[in-house]
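Take a look at the structure set out below.
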Amino acid sequence: MQKILRPALCLTFLGLAACDEIAVADDPAALADLRGQKSCVAAVGQQTGASGVAINTSRPIVELYRYVVNVPGAASWSCITDQNGKAIEIAEQRSG
């Protein structure tokens, strides 16, 4: 029974992850933005090994393809994506 359940659960989660992309599929800018956020969170999470990494929605960013990513208990990171939403550069923000 467990062997059957695991693939079914995986497909369910993949379906949920794709739902947000389907919702903005007819808007290329919104789709690139959504993919950029996901790509930046994944890149920073992989680099830091931290869980709970998330896009900072409180700092206004006016440049296209740029995001601030919060890392719990650590410094924030800046992330730049290409036009398709793939993270191409990340850097830890330092104060001082």
Self-check item: P72 open to solvent by 40 Å² or more (accessible area, probe 1.4 Å), at pLDDT 95 or above and not hydrophobic (A, V, I, L, M, F, W, C)
Solution: yes
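Conditions tested, residue by residue: (1) touching a Leu at 6+ places or on another chain (Cβ under 7 Å); (2) touching a residue at least 12 places away in the same chain (Cβ under 8 Å); (3) among the β-branched types (V, I, T).
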site	(1), (2), (3)
L34	no, yes, no
V53	no, yes, yes
S58	no, no, no
V62	no, no, yes
V69	no, yes, yes
P72	no, yes, no
Exercise. Read through the list (1) in a loop (DSSP other than H, G, I, E, B); (2) of a type in the set (V, I, T); (3) surrounded by 12 or more Cβ atoms within 10 Å (Cβ to Cβ), then give the number of the only condition that V62 fails.
Key: (3)
Quiz item: Does at least one position in the stretch 28-51 carry a residue that is modelled with pLDDT under 95, of a type in the set (S, T, Y) and outside any loop (DSSP other than H, G, I, E, B)?
Solution: no
Exercise. Mind listing whichever residues of the stretch 65-90 are within 19 Å of A32 (Cα to Cα) and not in a loop (DSSP other than H, G, I, E, B)?
Key: R66, Y67, V68, V69, S78, C79, I80, T81, A87, I88, E89, I90
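The values are calculated or read from the model by the stated rules, or taken from the named source; none is laboratory data. Being a predicted model, the structure only gives us computed values, none of them experimental. Please note: Cβ atoms are built from the backbone with ideal geometry, for glycine as well, and neighbour counts cover all protein chains shown. Surface areas here come from the heavy atoms of the whole protein model, side chains and all, with no ligands, DNA or RNA. Shrake-Rupley method; radii C 1.70, N 1.55, O 1.52, S 1.80 Å.
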